[in-house]
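Undergrad: Okay, here's the structure, questions in a sec.
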Amino acid sequence: MYPNDITGVQNSTFGVLPISLAEAQKMIPPQYKILTSAYEHLLPDFPNGSYPVVLQTTVDHDINTAVGPNPDIQQFQILLPFVDLLGDGYSSFVYKPYIFLDGTEVVDILGTFALYGITVIPAFFQPAGEPYSFTDPSNDAISIAAYTNSSSSPTGSLLGKAQYSIQDQTSPYPVSFFKNVTNQPLFRDGLICGNLITLFNTTLTQGGNEPVPISGTVDISRPYLGEQTHFEDVKGYKMTVVIIERMNSCEALKGYAGTGSGD
């Protein structure tokens, strides 16, 4: 349906990492403010003075570009949403300074990140190619870790790790929050932005494939997420979504404040 765009399927886990608003502002260039009212509207019970960092661990599958298909790519992404890139007090953007990425031989994808100014950190994953498979089926456990080399044992090689289990109770974060975040244009240098359209209205995300609540712990090595490196009781979802990605000038994406019509 979209032969001129980058398209694919994302098998992902999402977790919300609450940090202080002051710490979040340190991670974002000082000329950009955070639109606190935007996420307070979506998360009315979120603690005052806190900010929702979103961790996404994903395998992009069935990737197609204008020049043909690409192999699967595994990613570990730290998303800083609700950033007022354009200074209009309204338009929400995701600031994404880093991405831990395997499959670094995929020139098309690396070139895309380079255009946005995002720093790619080559990573090796355990388990490889399985962003949300059950590593322990007896207790519905999910574990994803990114390392700086192919061995999981050397001291200091861990980039990030997420360990989740399936939850029966309702998540404190509605799926609508993740719809909003994953549809915000992403940027690093503020010149070229990724117009990432994430669809939640296909059979891959509906019916028997609806997002499943998860809970667990997350570790992020410095300097990728400020001072705090360990998070307990992280809540989120495991889900599959369809993505369409387009590049555009950031100014041309002015006005985004909610999800697209495809949600």
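Undergrad: Whose amide H sits under 5 Å from the amide H of Gln167, counting only residues 5 or more places off or on another chain, with H placed in the peptide plane?
TA: Amide H neighbours of Gln167: Ile214, Ser215.
Undergrad: What is the packing order of peptides 171-179, 24-32, taking the mean over residues of other C-beta atoms within 10 Å and listing the highest first? Kindly include the intermediate steps, with their values, before the conclusion.
TA: On the way: 171-179: 18.9, 24-32: 14.4.
Answer by packing, highest mean first, reads 171-179, 24-32.
Undergrad: Just to be sure I understand: if I project the alpha-carbon convex hull of the stretch 6-253 onto a plane and average over all orientations, what area do I get in nm²?
TA: Details: hull surface 52.4 nm².
Here the figure is 13.1 nm², rounded to one decimal.
Undergrad: May I pose another question? With θ set to phi - 60°, apply the Karplus curve 6.51 cos²θ - 1.76 cosθ + 1.60 along the stretch 193-208 and write out the HN-Hα couplings as whole Hz, x wherever there is a Gly or Pro.
TA: Working through the residues one at a time gives 10, x, 8, 8, 9, 10, 9, 10, 9, 9, 5, 5, 10, 10, x, x Hz.
Undergrad: Work out, step by step, the length gained on full extension between Leu21 and Asp219: first 0.36 nm times the residue separation, then minus their alpha carbon distance; give nm to one decimal.
TA: On the way: separation 198, 0.36 × 198 = 71.28 nm, distance 1.93 nm.
Here the segment from Leu21 to Asp219 would lengthen by 69.4 nm.
Undergrad: Taking 0.36 nm per residue of sequence separation and subtracting the Cα-Cα distance, how much length would be gained by fully extending the chain between Thr36 and Thr202, in nm to one decimal? Spell out each step's value before the answer.
TA: Numbers: separation 166, 0.36 × 166 = 59.76 nm, distance 3.05 nm.
Contour length minus the Cα-Cα distance gives 56.7 nm.
Undergrad: Can you list residues from other chains, or at least 5 along the same chain, whose modelled amide H is less than 5 Å from the amide H of Tyr256?
TA: Long-range HN contacts for Tyr256: Ser92.
Undergrad: Net charge within 15 Å of Gln228 by Cβ-Cβ distance, Lys/Arg positive one each and Asp/Glu negative one each, not counting Gln228 itself?
TA: Values: positive: Lys26, Lys161, Arg222; negative: Glu23, Asp219, Glu227, Glu232, Asp233.
Counting the neighbours of Gln228, the net charge comes to -2.
Taken together, the values in this text are just the output of simple stated rules run on the coordinates, not laboratory data. What you see is a predicted model; the values in this text were computed from it and never measured. Please note: Cβ atoms are built from the backbone with ideal geometry, for glycine as well, and neighbour counts cover all protein chains shown.
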